Amino acid sequence: VGLHLKGALDQPALQRALDRIVERHEDLRTVFSSIDGAPRQQVGAAFGFALGQTDLTDLPDAERSAATDRIAAAEAAAPFDLARGPLIRGQLLRLADDEHILLITQHHIVSDGWSINVLVGELSALYGAFAQGRPDPLAPLAIQYADYAAWQRRWLQGDVLKAQVDFWTAHLRGAPALLALPADRARPA
């Protein structure tokens, strides 16, 4: 996700908000390693949010825009180490004293479209509070994602699983075996 921030930026409040999000959500502190040949999820202690910073203020406007695009593309393409983590990272690009781009990249194993919206909402609430010297305004999480996944795994068995498999088998019956994907230009691996 990329957020275009305009106005005075309280960097300590931003860092504190990002650190709090990582502390709050176990999945952002999770790594996936191989133990005896089987994948294992391991939740680590809160480690903060590593936020790199790049100052682009010395570049002319056109070069600044190109550099921003280049950095954003590199961030999106950079691999994650699932076994060592972290599986979330950020880069703060300074375009002017009152203009920044915040890039946050997460591995899809710990995020999806829904969770990105949650992250942005929580970041906004936390930053607003911390920038005004107020405490964390967010209610404690009732459950973590691993709790939900465990519940779903217990629920999705027997007749429930059979009903789901039957539904999707019927729903996808007749779907093409091969999809015609666009081939008008080279695609990245």
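For the reader, a short list of remarks on this structure follows.
- Condition check for Leu102: under 19 Å from the mean Cα position of the chain (by Cα) and at pLDDT 95 or above: yes
- Every listed requirement among (1) surrounded by fewer than 16 Cβ atoms within 10 Å (Cβ to Cβ); (2) in contact with a Phe, Trp or Tyr (Cβ under 6 Å, 6 or more places away or on another chain) is met by Leu87 save one, (1).
- Of the helices (runs of 4 or more DSSP H) entirely within segment 104-189, those holding at least 1 residues that are open to solvent by less than 80 Å² (accessible area, probe 1.4 Å), touching a residue at least 24 places away in the same chain (Cβ under 8 Å) and acidic (Asp, Glu) occupy 113-131.
- Test: residue in segment 30-39 that is surrounded by 11 or more Cβ atoms within 10 Å (Cβ to Cβ), at pLDDT 95 or above and either among the basic types (Lys, Arg) or within 14 Å of the chain's Cα centre (by Cα) (or both): no
- Arg64 meets the conditions (1) in contact with a strand residue (DSSP E or B) (Cβ under 7 Å, 6 or more places away or on another chain); (2) outside any helix (DSSP H, G or I) in every case but one. The failed one is (2).
- If the condition is being at negative phi and in a loop (DSSP other than H, G, I, E, B), then segment 2-57 contributes Ala8, Leu9, Asp10, His25, Gly44, Ala45, Ala46, Phe47, Phe49, Ala50, Leu56, Thr57.
- Which numbered condition Pro39 fails, given (1) without any contact (Cβ under 8 Å) to a residue 12 or more places away in the chain; (2) within 26 Å of His4 (Cβ to Cβ): (2)
The values are calculated or read from the model by the stated rules, or taken from the named source; none is laboratory data. Being a predicted model, the structure only gives us computed values, none of them experimental. Virtual Cβ from ideal backbone geometry, glycine too; neighbours counted across all protein chains shown. These accessible areas exclude ligands, DNA and RNA; they are computed on the full protein's heavy atoms, side chains included. Shrake-Rupley method; radii C 1.70, N 1.55, O 1.52, S 1.80 Å.
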